1. Tell me which residues, restricted to region 100-111, are within 19 Å of GLN55 (Cβ to Cβ) and over 16 Å from the mean Cα position of the chain (by Cα).
2. Check whether at least one residue in region 65-85 is acidic (Asp, Glu) and either surrounded by 12 or more Cβ atoms within 10 Å (Cβ to Cβ) or touching an Asp or Glu at 6+ places or on another chain (Cβ under 6 Å) (or both), and report yes or no.
3. Quick check on ALA145: is it at pLDDT below 95, of a type in the set (A, V, I, L, M) and over 14 Å from THR17 (Cβ atoms)?
4. Output yes when any residue across region 120-132 is farther than 28 Å from GLN9 by Cα and either crowded, with 17+ Cβ neighbours inside 10 Å or of a type in the set (Gly, Ala, Ser) (or both), and no when none is.
5. So, in region 122-132, exactly how many residues are free of Cβ contacts under 8 Å to residues at least 24 places away in the same chain and under 19 Å from GLY19 (Cβ atoms)?
6. Which one is surrounded by the most Cβ atoms within 10 Å (Cβ to Cβ) among residues in region 5-24 that are farther than 15 Å from ALA51 by Cβ and modelled with pLDDT of 95 or more?
7. Check off (1) more than 30 Å from LEU10 (Cα to Cα); (2) of a type outside the set (Lys, Arg); (3) buried (at least 17 other Cβ atoms within 10 Å of the Cβ) for GLU97 and give me the number that stays unchecked.
Amino acid sequence: MYTRQEASQLRQAFWTTFGKYMSPILSADGAKINWINYKTGIKHIRFTMEADTKQATIAIVIDHPDAATRKRYYQQLVQLQGFLHETLGEQWNWQEEVSNEYGQLQSIISKELKPANIFDQQQWPVVISFFKPRIMALDECWSMAKEGFER
């Protein structure tokens, strides 16, 4: 088992390594981008990457506090589902309404890698290889779809 400090250091080391690995890669629009803290430009729609001792997950999270707006955003993504899956090259898990750890409702579209353990540095290449093409594909999709969400 790891102490809290050791776990924090390993997490930080993984994300630093991933960030350095991704830093030379430009967005689909040709801009420099922070892949780890991806900014969609639309409040309450975010792309997240999380990893722990059991799994790695990449997701589109819609956490708008207004249920009607959250559902509208989700339905817009449902309309793009074929395009998303084609660009991603795989099917993702679609959940229209889920509660987070604070009881707030969210819509989540995600893909998981199990097992995955970022505390094992030998697994880092597998986890990075899981995240890299998917965040790049999300960026490609978003560069074409974002305009519909800005209206």
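1. GLU101
2. no
3. yes
4. So far as region 120-132 goes, no, none of its residues is farther than 28 Å from GLN9 by Cα and either crowded, with 17+ Cβ neighbours inside 10 Å or of a type in the set (Gly, Ala, Ser) (or both).
5. 4
6. SER23
7. It is condition (3) that GLU97 fails.
Here's the yes/no breakdown for (1) within 22 Å of LYS43 (Cα to Cα); (2) among the hydrophobic types (A, V, I, L, M, F, W, C); (3) touching a His at 6+ places or on another chain (Cβ under 7 Å):
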site: VAL78; (1), (2), (3): yes, yes, no
site: SER99; (1), (2), (3): yes, no, no
site: GLY103; (1), (2), (3): yes, no, no
site: TRP124; (1), (2), (3): no, yes, no
site: LYS146; (1), (2), (3): yes, no, no
site: GLU150; (1), (2), (3): yes, no, no
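The values are calculated or read from the model by the stated rules, or taken from the named source; none is laboratory data. Values in this document were obtained by computation on a predicted structure and should not be read as measured data. Glycine also receives a Cβ, built like all others from the backbone with ideal geometry; neighbour counts cover every protein chain displayed.
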